Amino acid sequence: MHDLVITSRRVVLPDGERPAAVAVRDGGITGVHDPGAAPEAAERVDLGDVALLPGLVDTHVHVNEPGRTHWEGFATATRAAAAGGVTTIVDMPLNSLPPTVDPAALAAKRRAAAGRCAVDVGFWGGAVPGNLGRLRPLHEAGVRGFKCFLSPSGVEEFPPLDAAGLRAALAEAASFGGLVIVHAEAPELLTEPAGPAYPEFLASRPGEAERRAVELVIRLARETGARAHILHVSSALCLEPLARARRAGVGITAETCPHYLTLAAEQVPEGDTAFKCCPPIRSGENRDALWRGLADGVLDCVVSDHSPSAPDLKVPDFAAAWGGISSLQLGLAAVWTEASRRGHGLGDVVRWMARNPAALAGLDGKGAIAAGADADLVAFDPGASRTVDASSLHHRHPVTPYHGRTLRGVVRATWLRGRLAGGTPLGRLL
Ligand SMILES: [Zn+2]
């Protein structure tokens, strides 16, 4: 006897989309059956034309707890995740206090998260000047890899690495098969914004700064044999060097984010710093090129970079405001809205937002509907639409650039290991 069988005419499987029945026992998927041949189960759910997707894996979330829980915390972030069809998040090592740069800080994170999470949570460690000797202990304590910056991070307790520091971190990570994930903007090409308006902020962080940093990471990954990952690619100038490096067999992957794929600099409302993030949202033409990068497989993942702050830090001045976009609950619908318009299917979205991020973070049993995987599942109505009201989101603060936008695709239910997610905190720490 199974616990649950979910049937849909559109089950998104690793080899395509088809009518199927997914059988669940003890939190895991036991098999994928023809709809008429499903086993007996205590509970049966028929979704009809509503699609069944694997739970999304969002490997780029700043939860900020402990220390800046007034910006965002595990309870609020993971409820937002569940409501948005995300069943696993991987938390970034900075903006919390302490930052996750040694095993004691990781233990503090775990204590803060324990018992509060509506979805599963993994952790990235940080690579900062002076903590090279902590990378292996952090790896052994369970972090999925190490984040570093090449330019100032925005918080002084998480300083950037220079090229020598990056090389050392890559070499150290390579010695135990670890992964280094990089915020890639070359500091020497960044300037102070010349004024408070969006065009001046955008000009202060040119795409060339991203390209130069990406080229440095590629060169050092090649020299050290390490695995490296480029976070939040915003400039299409990065695509050509990334494609070339991959053809040459360098161990490098890359992600972009919903806001770079769905928003454009030309449309940023005056003074609306909900749109401020680093690197910045660029032109509509650049956005189209990022879509080609996804279609070509040069960009592997689409993850949120959910990075809230206290609302009072979002002053209406692009030079002074906190840089970070809140979208954890909205990423799936935002990306589907644009992906469907551009001729992509749900299978593409699942590859970018579930399967590839799970592989990046080494999360076996996540990101796919398959026998043996965790029963992390999402009922997603791809034809429905909803207008975003920031105040109705589960994020701690009602600040998001998607406020007032009508997005296509509505999450009807999310299951974590076969149980409805969002209420009782069922999440585990990975
Ligand atoms: Zn980030």
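Since every read-out is calculated from the coordinates, none of them should be taken as a lab result. This is a predicted model, so every value here is computed, not measured. Positions of Cβ are backbone-derived with ideal geometry, glycine not excepted, and every protein chain shown enters the neighbour counts.
Taking K and R as +1 and D and E as -1, what net charge do the other residues with C-beta under 14 Å from the C-beta of GLY271 add up to? Show your work: numbers first, answer last.
On the way: positive: LYS276, LYS314; negative: GLU200, GLU270, ASP272, ASP317.
Surrounding charge for GLY271 is -2.
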Proximal charge balance of ARG246 [Cβ under 12 Å; K/R count +1, D/E count -1]: 0
Gaussian network model of the chain, Cα within-10 Å springs - most flexible of GLY36, GLY67, GLY251: GLY36
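On average, how much area does the Cα convex hull of the chain cover when viewed from any direction, in nm²? Don't skip to the end; give the middle numbers.
Numbers: hull surface 73.9 nm².
With every direction weighted equally, the projected area is 18.5 nm².
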Distant alpha-carbon pairs in region 262-366 (separation over 19 angstrom), percent: 50 percent
Summed side-chain charge close to VAL57 - residues other than VAL57 whose Cβ falls under 13 Å, Lys, Arg +1, Asp, Glu -1: -4
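With the cut-off at 13 Å, report for region 17-89 the share of all Cα pairs above it, as a whole percent.
Details: 1939 of 2628 pairs.
It works out to 74 percent of all Cα pairs.
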SER175/ALA370 FRET efficiency (R0 56 Å; Cβ-Cβ; nearest 0.05): 0.95
Estimated FRET transfer efficiency when R0 is 51 angstrom, pair GLN267-LEU132 (beta carbons, to 0.05): 0.75
Distance between region 180-231 and region 75-145 - C-alpha centres, whole angstrom: 24 Å
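Based on other C-beta atoms within 10 Å, arrange GLU172, GLU17, GLU200 from fewest to most. Don't skip to the answer; put the middle values down first.
On the way: GLU172 21, GLU17 18, GLU200 15.
By the 10 Å Cβ count, ascending, the order reads GLU200, GLU17, GLU172.
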Binned Cα-Cα distances of region 131-240, short to long, each 10 Å bin given as a whole percent: 14, 43, 30, 11, 2
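Take every Cα-Cα pair in region 336-430 and report what % of them are more than 19 Å apart. Let's see the in-between values first.
Numbers: 2441 of 4465 pairs.
Counting every Cα pair in region 336-430, those more than 19 Å apart make up 55 percent.
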Rounded to whole Hz, the Karplus (6.51, -1.76, 1.60) HN-Hα couplings of region 361-371, x for glycine and proline: 8, x, 9, 5, x, 10, x, 8, 8, 7, 4
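Test of understanding: what is the full-extension gain from GLU200 to SER391, defined as 0.36 nm times their sequence separation minus their Cα-Cα distance?
Details: separation 191, 0.36 × 191 = 68.76 nm, distance 2.97 nm.
Additional length available on full extension: 65.8 nm.
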Residues of region 19-40 with amide N under 15 Å of the 7 Å Cα→Cβ point at THR424: 26-27
Of ALA358, ALA194, ALA186, the one that fluctuates the most in a GNM where the chain has Cα springs shorter than 10 Å: ALA194
Overall Cα dimensions of region 112-169 - principal axes, largest extent first, Å: 39, 26, 14
Sum of -39500 (n - 2.57) over DSSP H runs of 4+, divided by residues of the chain (222 nm, nearest 500): -7500 deg cm²/dmol
For region 252-264, Karplus couplings with θ = phi - 60° (6.51, -1.76, 1.60), whole Hz, Gly/Pro x: 10, 10, 8, 10, 10, 10, x, 5, 6, 8, 10, 10, 9
Choice from PRO357, PRO258, PRO14 with maximal GNM fluctuation in the chain (Cα, 10 Å cutoff): PRO14
